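Presented below is the structure to which this report refers.
Bear in mind these aren't lab numbers, they're just calculated from the coordinates by the rules spelled out. All values reported here derive from a predicted model rather than from experimental measurement. Cβ coordinates were reconstructed from backbone atoms using ideal geometry, including for glycine residues, and neighbour counts include every protein chain displayed.
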Amino acid sequence: MKYIVCEKPQEFLIKEKPMPEPKEGEVLLKIKRIGVCGTDIHAFGGTQPYFEYPRILGHELAAEYVKGNAKGFEPGDKVTFIPYFSCGTCVACRNGLTNCCANIKVFGVHIDGGMAEYVTIPEQYLLHGQGLDYDELALVEPLAIAAHGVRRAAVKATDTVLVMGAGPIGIGLIQFAKIAGAKVIVMDINDYRLGFCKNELNADETINPLNEDVAEKLKELTNGDMANVVIDATGNQKVMNSAFNYISHGGRFVLVGLQKGELSFSHPDFHKRESTLMSSRNATIEDFEYVMQCLKEGKIDPKKYITHRADFEDMISEFGNWIDPKNNVIKALIEIN
């Protein structure tokens, strides 16, 4: 079978190896769709934390069930799976927080992933397609990350939420915050993405920090209150550090984006507001189930932000275009027939 490996930063290669055989407790899947996410882009660029090369990327996946002994699954079934392989015994796992397992192995990050024609995975992570098509199933995982971030923030209808970063994860954050009934303000430096969020996702307001003073604009939009909830989906250190100035008194700041450096903020300013700072990592089975239910009910139509596609063997030549901001990529999918 063919697979694509990131040999080192800035270098993808297409190679061949024998098709894998499932071991006891594993299933064999034929990959049909691969979503390109921020982790893949950071890995290619050499800026992804907790990463080693060479690595087969890919964890936003839709697949066809080929064989195995997973109960309730038949060959030909459309499936996706939870790509966070947890140990089951650490303190997080014992408390049901498998998304932040102390010994977690994320498919396509810590271990080789799904940029391949076939993969084997432990059967306990497999999810039924529930009538969704391959495009939709490939987007369940990034949407689950967004759903988890919004759940961590405990967003409610009375909140004003500032989502920083209008990439694929940010788009999901906007949609789930809107489903919760909140007022949503989106910040990004790309006017095309801001327009997309306003016109397609019903974002209430947008801010471009290249053209506007973010703190002053927030004061104007919130009658001086600032944002009850600030969620970062940029993974940019400077943006994260600036965001402490955007939180309301009693507000929450949730870090969904990830970067290598340190956070820096004024303790007195943070303390006087009784602010809450939290991270949001991966997602749980509850988030995946919630996302799939929202998709089935039509609360989210992810297909409208699939803007770019490529066949598996064309992916390497297209990847540079996908990460170029001038090409207005919202979400890129790799297809395998």
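Between T158 and T276, the simple spin-label model (points 7 angstrom out along Cα→Cβ) gives 1.4 nm.
Are there trypsin sites (Lys or Arg not before Pro) in segment 204-256 that DSSP puts in a loop and that have at most 10 other Cβ atoms within 10 Å, and which ones? Don't skip to the end; give the middle numbers.
Values: sites: K217, K219, K238, R252; in loops: none.
Of the trypsin sites (Lys or Arg not before Pro), not one in the loops of segment 204-256 has a Cβ with at most 10 other Cβ atoms within 10 Å.
Given R₀ = 30 Å, what would the calculated FRET efficiency be for Y53 paired with D133, taking r from the Cβ atoms and rounding to 0.05? The formula returns an efficiency of 0.35 here. Across the chain, C-alpha contacts under 8 Å between residues 6 or more apart give a mean separation that, scaled by the residue count, equals a relative contact order of 17 percent. Taking Cβ atoms as reference points and 14 Å as the exclusive limit, the residues near N208 contribute a net charge of -3, counting Lys and Arg as +1 and Asp and Glu as -1.
The modelled label-to-label distance between L263 and N103, using points 7 Å beyond Cα along the C-beta direction, is 2.8 nm. A simple spin-label model places pseudo-atoms 7 Å from Cα toward Cβ; at I316 and N328 they are separated by 3.0 nm. Amide H contacts under 5 Å for D159: K183, restricted to partners 5 or more places along the chain or on a different chain, H placed in the peptide plane at 1.01 Å from N.
Close lysine pairs were tallied over segment 230-337: pairs 8 or more places apart or on different chains with Cα atoms under 29 Å apart number 14. Cross-link partners of K8 among aspartates and glutamates, defined as those whose alpha carbon lies under 13 angstrom from its own and excluding same-chain residues fewer than eight positions apart: D40, E52. Whole-Hz Karplus values for segment 81-94 come out as 7, 7, x, 10, 8, 9, 7, x, 10, 6, 4, 5, 4, 5 Hz, taken residue by residue from phi with 6.51 cos²θ - 1.76 cosθ + 1.60 and θ = phi - 60°; glycine and proline positions read x.
Taking Cα atoms only, the orientation of helix 191-200 departs from the longest principal axis of the chain by about 80 degrees. Subtracting the Cα-Cα distance of K198 and D213 from their residue separation scaled by 0.36 nm leaves 3.5 nm.
Kindly identify segment 147-225 as rounded, prolate or oblate by the Cα gyration tensor criterion: order the square roots of the eigenvalues as a ≥ b ≥ c, call it rounded if a/c is under 1.5, otherwise compare a/b with b/c, prolate if a/b is larger, else oblate.
Oblate.
The dipole here belongs to segment 132-187: it is taken about the Cα centre, uses +1 on the Cβ of Lys and Arg and -1 on the Cβ of Asp and Glu, and is about 420 debye. The longest stretch of the chain left intact once loop-based GluC sites (Glu not before Pro) with at most 11 other Cβ atoms within 10 Å are removed from consideration, loops following DSSP, is 53-261. The mean of 1/r over all distinct Cα pairs in segment 185-311, once inverted, gives the Kirkwood hydrodynamic radius of 16.6 Å. Backbone geometry of segment 233-248 corresponds, through the Karplus equation with coefficients 6.51, -1.76 and 1.60 at θ = phi - 60°, to 3J(HN,Hα) couplings of 10, 9, x, 10, 4, 5, 5, 4, 5, 5, 5, 4, 7, 9, 7, 6 Hz, x marking Gly and Pro.
Here the chain carries DSSP beta bridges of which approximately 55% are antiparallel, counting only pairs with both residues inside.
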